[in-house]
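These notes are about the structure you will find just below.
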Amino acid sequence: MIFNSSKYITYSFPESLLPNDASPEWNNKADNAWQLTAATLVGLQSVPGLVILYGSMVKKKWAVNSAFMGLYAFSAVLVCWVLWAHEMAFGNKLLPFVGKPSFALNEKFLLSKASTTYYLPMADFVFYQFAFAAITLVLLAGSLLGRMNFYAWMLFVPMWLTLSYTVGAFTIWGNGFLEGKIIDYAGGFVIHLSSGVAGFTAAYWVGPRSSNDRKNFPPNNIIHMLGGAGFLWMGWTGFNGGASFQVGEITSLAIFNTHLCTATSILVWLSLDMLVYKKGSLIGSVQGMITGLVCITPGAGLVDPWAAILMGALSGSIPWYTMMVLHKRSSFFQSVDDTLGVFHTHAVAGILGGILSGVFAKPNLLKMLYGPKTSYGPGLFYSYFDGNVSQGIKQMLYQLLGAFFITLWNVVITSLVCIIVSLIMDLRMQEEDLEVGDDAAHGEEAYVLWGDGEKRSLPLRIHINSPTIISISHQRHSIPINKVDG
C-alpha cells in the first residue's frame, strides 16, 4: 500500500512473493536459495573435490584408499550430525563448551525459522553446518593417507566428530564460553586449525608410512589433482559466501576477498619456489592456493580487500617457510609423518588467519554482520585510529585464547580417541599390506596396470613365433611377478 497525497493507492505483490504454506512470511526466498546453493558448494569441496585431490595426489597404489577415506567420512558425518552432533554443536547448553546431544530430524524443527536473524528454514542451517563438519574430517584425513587401517578410520570419524569438532563449534559459534568473543567468520579456528592440529596428532599415534613410501611418494595424476583443487577453490565461494546466512553486502565482500587472497597467496608461493628452487611447482601452487583459502576464512567478510591482499601475501610465505624450510630442519616435524602437510596448510594458515582477522577486522563490517551492539572487535589496526587501542588488544588476546583452546583440546581429545581405537584394533595397516596398498586394503586398484600391488600369478608371455617379439616380451616382463612396484 502506497500513500499518495490525500489518498491510498493499493498495490498487489506478485503471487510468487506472497507467503503461503510452503513459504511462510519469515522465509526470505533469496536467502533460502543462496544458502542451499552455498551448502552444496561446500559439499562439492569434499565430494568430489578432496576425494579427487587425495586420490590423485598420492602414490598410485594408495589412490583408492585415499579417496575412500574422504567418501566414508562425508557420509558418516551426515548420519552422526543429524542423530546427535548438530545439537551438541548448536543446541541447548549441557556444559560451557558443549550442547546436549539430540536429534535434528523433526519436521517441525527443520522447517522452523533458523534464528531471530536468519530468514530461512533450520534445515538450511543444519545442512550447511554438516558440510562444514564433514570437510573438517576429510581435511584431517590428509595427514593419515597411505597407512591408516580403514576400519580404525571408520571408528575414528564418529568419535572425533562427537568429542572434538562439536566442542570447538559450540564454544566459538554456538552457546559456549567463547561465543561472541572470538572473530571466526567461517571456521579458521573451528575447522582449519582443528583439522591441522588433530591430523598431526593422529599421524603421531598412527605412525608413519612404509619407509619406501616416505622416500618416494609421487602423485599419480597431477592433472586430476588440479581438477580436485579447482573444486576446492571455487567451492570456497559457498564456504565463505554462505557464512553470513544472508544475501547481502557481507556475502559479496566475503566472496571477493576469498578469491583475491587466494590468488595472491598462489603468486607468492610460486615466486618463492622459483626464487629458491629455480622452478615453479604446480603442486606447490596448489598448496599456496589452500593456505590462501584457509587464511582468509576467519575474516573473509570482515576485512577490506587491501587487507585480503596482505593476508594472501603472508599466507603464501609463512606456511611456505614452515613447510619447505622449517619442516626439513626440525626433528620434531620429521618424526611425525603428516602425509600431505595438513599441519602447515591448515593449522599454520588457520592460526595466521585468525590472528590477522583480529588485526584487520573493520568495525563497521562487524556491526553490519553481527549488529550494532556487537561485542566483537574492533580489529587492532582500526582501534589505533579510533583511539581505542585497549579494545583492539583485548580482541587480539581473545584470538590467541581461541587458538590456544582449539589447539589444546584437539591434541588431548585426538590422542584419547586414537588410544581408545587402538585398544580395539590396530591404527596402522600391517607392514606387508603397506607394501601392496589398495589391493590389500580394498581388493581394488585405481588403474588397471600390470605390476602395482599385484599378488596373483599371471601369465606373462604370449607364445609368438617371432624371436624378435619374444625378446622384447622377455625384457618387458623381466620383473618377478610378486614384486611390488609402488
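The values are calculated or read from the model by the stated rules, or taken from the named source; none is laboratory data. These numbers come from a predicted model, not from an experiment. Using ideal geometry, Cβ is built from the backbone for each residue, glycine included, and neighbour counts are taken over all protein chains shown. Each accessible area value is taken on the protein alone, full model and side chains, heavy atoms only, with ligands, DNA and RNA left out. Shrake-Rupley method; radii C 1.70, N 1.55, O 1.52, S 1.80 Å.
Scanning segment 139-158 for residues that are assigned to a helix (DSSP H, G or I) and open to solvent by 10 Å² or more (accessible area, probe 1.4 Å) yields Phe150, Tyr151, Met154, Leu155, Pro158. For segment 159-175, the criterion of being modelled with pLDDT under 95, surrounded by fewer than 24 Cβ atoms within 10 Å (Cβ to Cβ) and over 14 Å from Ala85 (Cβ atoms) is met by at least one residue.
Taking the condition open to solvent by 10 Å² or more (accessible area, probe 1.4 Å), in contact (Cβ under 8 Å) with a residue 60 or more places away in the chain, of a type outside the set (Lys, Arg) and on the phi < 0 side of the Ramachandran plot, does Ile191 pass? Against the criterion (open to solvent by 10 Å² or more (accessible area, probe 1.4 Å), in contact (Cβ under 8 Å) with a residue 60 or more places away in the chain, of a type outside the set (Lys, Arg) and on the phi < 0 side of the Ramachandran plot), Ile191 does not qualify. Screening the candidates Trp233, Trp205 for the property of being within 17 Å of the chain's Cα centre (by Cα), aromatic (Phe, Trp, Tyr) and either at pLDDT below 95 or open to solvent by 50 Å² or more (accessible area, probe 1.4 Å) (or both) yields one hit, Trp233. For segment 359-373, the candidate set comprises residues that are in a loop (DSSP other than H, G, I, E, B) and without any contact (Cβ under 8 Å) to a residue 40 or more places away in the chain; within that set, the residue that is most open to solvent (accessible area, probe 1.4 Å) is Lys373.
In segment 310-332, the residues that are closer than 13 Å to Cys261 by Cα form Cβ pairs under 6 Å with partners that are assigned to a helix (DSSP H, G or I) and open to solvent by 30 Å² or more (accessible area, probe 1.4 Å), at six or more places apart or across chains, as follows: Ala313/Val268; Gly316/Val268; Ser317/Val268.
Results for (1) among the aromatic types (Phe, Trp, Tyr); (2) open to solvent by less than 60 Å² (accessible area, probe 1.4 Å), shown as yes or no for each residue.
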{"position": "Asn27", "(1), (2)": "no, yes"}
{"position": "Gly43", "(1), (2)": "no, yes"}
{"position": "Val58", "(1), (2)": "no, yes"}
{"position": "Lys61", "(1), (2)": "no, yes"}
{"position": "Phe68", "(1), (2)": "yes, no"}
{"position": "Leu71", "(1), (2)": "no, no"}
{"position": "Ser112", "(1), (2)": "no, yes"}
{"position": "Ser115", "(1), (2)": "no, yes"}
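For segment 376-424, taking the residues that are under 28 Å from Ser195 (Cβ atoms) and outside any helix (DSSP H, G or I), the one that is most open to solvent (accessible area, probe 1.4 Å) is identified as Tyr376.
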